[in-house]
Amino acid sequence: MNRAIMNINQASLDTIHAYSLELLRDTGIRFPSEKALTIFKKNGFRVDGSMVYFEEKDIQKALKTVPSAFTIEARNPSRNIRIGETNYVMAPGYGPPFIIEPSGEKRNATLADVETFCKLVQTSKYIDFNSAIVVQPAEVPAETAHLDMLLPTLTLTDKPIMGSSASEAAARDSLKLAEMIWGSLNKPVMISLIDSLAPLQYAPESVEALMVFAEAGQPLIIHSACTLGSTGPITIAGSLVISNATTLAGICLAQPINPGTPLVYGLGGNPMDMRTGGYVNATPEDAKHVAIVPAMGRYYNMPCRSHGTLTESFCLDYQAGMESAVMLTAAALSGVHVSLHACGTFGSMLAMSFEKFIADEDLCGAVKKLIKPVEFTQETFAMDLIKQLGTSGNYLMEDHTVNRCRDEFFIPDLSNRSIHDKWLAMEPRDITARARGLLAKRLAEYEKPEMDPKLEKKLIQYVENRKHNR
């Protein structure tokens, strides 16, 4: 059955690509960085001022060296993640400056909040790696905030990490800290997000960070998006062209620097609310972009990235659950490889919530179970058992059931599955209060992962030195 969310066929993909090439050739992409412009000129690209122009051969050459899959090594090797193929990995919110409390009050995020989210990431059954900016702490200087966020990520978790792309200095600090842990960075140990500016340009700090990470061979998510009707065309088709062209241009900068640098294709688009002029996400239009991203990734033979459990709501209500479920399910069923914002995000990605993090984990777990292939084997068909029991229909005490009963079904931690009478007697019944209880339990049971004390001291000393000698 041809559903609207998936009606992008080969001809449509070819058209998006062809129009993107037309934009890249005739209009160009703005790169406000002399270092980047020098690299483009050295590699034969046409440059006029800060505008760079691309021919089809340039795009094809760059795409040819992008790996179709790669592994990111964690501090704990058992937590390594594979990006691409049939894998789907998730990270929590990225970039919100605020925290929404259970009361609904909004406050500035703090470094203590960063540390709490690191502990939740470490103890999560479903979140695979940590964000570079799970929240933006307000009490530390912006110039060195990346150091204050990287340190707890490295010490309080042993899952894969993201590097900071806030600036060239932040990228170099990310690599220096990683070198202290992994030694020579001859393998991927972190992934970093490079967001473009709409329309058809990159910010100087993003370009500088891209070049630093690419030179070190560390993976990058190259992501472009626009606000439909504001910074891009109001139509999804037009949005896809403008964002795809910008992402392809970023790929063309990364690969000449270090051919074979692992990259993840990213593209998005959200409508502007024509009544208020505000940016909104978790809309059907947003979900359609999410569903189309994997098709574009496959078109270019690259892993792809999308959004996660986004919502415009500010509390754990029906709206938050509906919008988050639509976004994450669209990503999972369409074949997305990497989702940022998979846990905890409220209100246009401007705020995080500890309680929503706990609630979103149930959704992440359910979606991962949903996309896990059904096992069709002689043992799972259970034909001998079916014939043996015939019409008796009592499978409860059979070994086939007993041996599988703990992991055959998805079991949520927060969602209610009790009968009505028990639900009426439940204390607390409110989902936010129940999430608060699970949050307290998780944090009480948290155990800091092992790290050589000398190494930890070295990391702390580097951060302190950089903050005082910037």
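Here are the numbers for the structure shown:
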item	result
Residue match in region 146-160 (condition: among the β-branched types (V, I, T), within 29 Å of R107 (Cβ to Cβ) and in contact (Cβ under 8 Å) with a residue 60 or more places away in the chain)	yes
Region 7-52: number of residues that are farther than 16 Å from N244 by Cα and of a type in the set (K, R)	4
Number of positions in region 447-470 that are at pLDDT below 95 and not in a helix (DSSP H, G or I)	2
Residue tally, condition of a type in the set (S, T, N, Q), over 16 Å from S306 (Cβ atoms) and within 22 Å of the chain's Cα centre (by Cα), over region 218-233	2
Residue within region 16-31 that is in a helix (DSSP H, G or I), surrounded by fewer than 14 Cβ atoms within 10 Å (Cβ to Cβ) and of a type in the set (V, I, T) present	no
Pair list, Cβ < 8 Å and 6+ apart or interchain, from region 385-396 residues that are free of Cβ contacts under 8 Å to residues at least 60 places away in the same chain to residues that are assigned to a loop (DSSP other than H, G, I, E, B)	L385/Y395; L385/E398; L389/Y395; L389/E398
Filtered residue count, region 234-279, keeping only those that are within 28 Å of T311 (Cβ to Cβ), not small (G, A, S) and not in a helix (DSSP H, G or I)	13
Region 188-202 residues that are closer than 24 Å to E22 by Cβ, paired with ones that are of a type in the set (K, R) and surrounded by fewer than 24 Cβ atoms within 10 Å (Cβ to Cβ) (beta carbon under 6 Å, 6 or more apart)	Q201/R30
Test: S78 is hydroxyl-bearing (S, T, Y) and farther than 29 Å from E215 by Cβ	yes
Residue match in region 384-391 (condition: hydrophobic (A, V, I, L, M, F, W, C), in contact with a helix residue (DSSP H, G or I) (Cβ under 7 Å, 6 or more places away or on another chain) and under 30 Å from A440 (Cα atoms))	no
Residue identified as surrounded by 19 or more Cβ atoms within 10 Å (Cβ to Cβ) and more than 30 Å from A366 (Cα to Cα) among L185, L177, L193	L177
Test: residue in region 51-59 that is more than 21 Å from Y300 (Cβ to Cβ) and not aromatic (F, W, Y)	yes
In region 83-114, the residues that are within 19 Å of the chain's Cα centre (by Cα), buried (at least 18 other Cβ atoms within 10 Å of the Cβ) and outside any strand (DSSP E or B)	Y88, A91, P92, G93, Y94, G95, P96, V114
Given (1) more than 29 Å from the chain's Cα centre (by Cα); (2) more than 28 Å from M327 (Cβ to Cβ), number of the condition P449 does not satisfy	(1)
Flag if G297 is touching a residue at least 12 places away in the same chain (Cβ under 8 Å), in contact with a Pro (Cβ under 9 Å, 6 or more places away or on another chain) and part of a helix (DSSP H, G or I)	yes
Subset of region 331-350 [modelled with pLDDT of 95 or more and either among the charged types (D, E, K, R) or closer than 18 Å to Y318 by Cα (or both)]	A342, C343, G344, T345, F346
Every pair of residues 6+ apart whose Cβ atoms lie under 7 Å, when the first sits in region 7-25 and is charged (D, E, K, R) while the second is assigned to a loop (DSSP other than H, G, I, E, B)	R25/F54; R25/E55
Matching option when the condition is touching a strand residue (DSSP E or B) at 6+ places or on another chain (Cβ under 8 Å), surrounded by fewer than 18 Cβ atoms within 10 Å (Cβ to Cβ), outside any helix (DSSP H, G or I) and on the phi < 0 side of the Ramachandran plot, among V47, V66	V47
Residue within region 202-220 that is over 22 Å from F70 (Cβ atoms), modelled with pLDDT under 95 and surrounded by 18 or more Cβ atoms within 10 Å (Cβ to Cβ) present	no
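The values are calculated or read from the model by the stated rules, or taken from the named source; none is laboratory data. As the structure is a prediction and not an experimental result, all values here were calculated from the model. Quick reminder, even Gly has a Cβ in these numbers, built from the backbone with ideal geometry, and neighbours come from all protein chains shown.
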